[in-house]
1. If you restrict to DSSP beta bridges whose two residues both lie in region 49-171, what percentage is antiparallel, to the nearest 5?
2. Spin-label point model (7 Å from Cα, Cβ direction): what's the S55 to K73 distance in nm?
3. Report the FRET efficiency, 1/(1 + (r/R0)^6), for T137 and Y47, where r is their Cβ-Cβ distance and R0 is 30 Å, rounded to 0.05.
4. Suppose a student asked you for the relative contact order of region 49-171, using Cα pairs under 8 Å spaced at least 6 residues apart; what percent would you report?
5. Could you let me know the centre-to-centre spacing of region 128-173 and region 65-127, using Cα atoms, in angstrom?
6. Is any residue of region 65-93 close enough, with backbone N under 11 Å, to a label point placed 7 angstrom from the Cα of T161 along the Cα-Cβ axis, and if so, which?
Amino acid sequence: MKQWMILLLFVLSFVSCFIPKEEVGGVNKEGWLLIGFLNLLSQSGKYDPACDDESLSTPLALSSPILSSSVRKTYRFTTGSSGLKYNFSVSSDYPACGVLINIRSCRPPYSFASDTGIEVSCNSGTYRNYVSGGTQTCQIPSFSNQVVLVYLVSATSSYPTTPCTTVQFEVIP
């Protein structure tokens with residue numbers, strides 16, 4: 001419903017931009033202002049409040065591994081000039097168990113790391129294909145000098161729904 005309202009406002013404001021004003025004889029500038037505001041509003045939908053509200057995430061310390069014990073947990077880390085570098089390990093019961101890691105930038109446009117867009121280089125496996133029973137070291141150079149959020153989900157809502165025996169995440173220098 002919200003998307004339909006935004007679309008309707010966008011169309012109406014776009015049309016109003018081309019209604020000439022008698023005193024100006026040109027384009028309705030207020031209409032363009034509304035379009036800019038709606039564009040900003042639609043981009044802010046990707047924002048996660050945990051980027052600024054520290055009570056919504058758990059801080060990560062450098063070289064301090066965490067074990068996944070909850071179904072979903074959000075962690076926060078401020079990166080240095082080389083970006084985010086981390087070790088991630090999954091027990092040997094993977095892929096029969098569920099695990100998911102999502103890493104997001106807190107800098108606009110609030111991008112998620114991925115295998116294709118924001119490049120993540122790993123020494124084994126890939127960002128989305130974990131190493132069963134082993135540790136992979138990954139780096140995201142483009143996430144430098146900023147706050148990043150790490151979402152660690154130890155069980156997925158679709159198959160497999162069983163959490164892995166061990167899931168470990170560690171930010172490394």
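Any read-out appearing in this document is the output of simple, stated calculations on the displayed coordinates, not a laboratory observation. Bear in mind the structure is a predicted one, so any value in this text is a computation, not a measurement. Here the Cβ positions follow ideal geometry from the backbone for every residue, glycine too, while neighbour counts run over all protein chains shown.
1. Within region 49-171, antiparallel bridges account for around 85 percent of the total.
2. 2.1
3. Calculated value: 0.55.
4. So the answer I get is 43 percent.
5. Using only Cα atoms to place each centre, the spacing works out to 4 Å.
6. What the label zone holds, given the 11 Å backbone N cut-off, is no residue at all.
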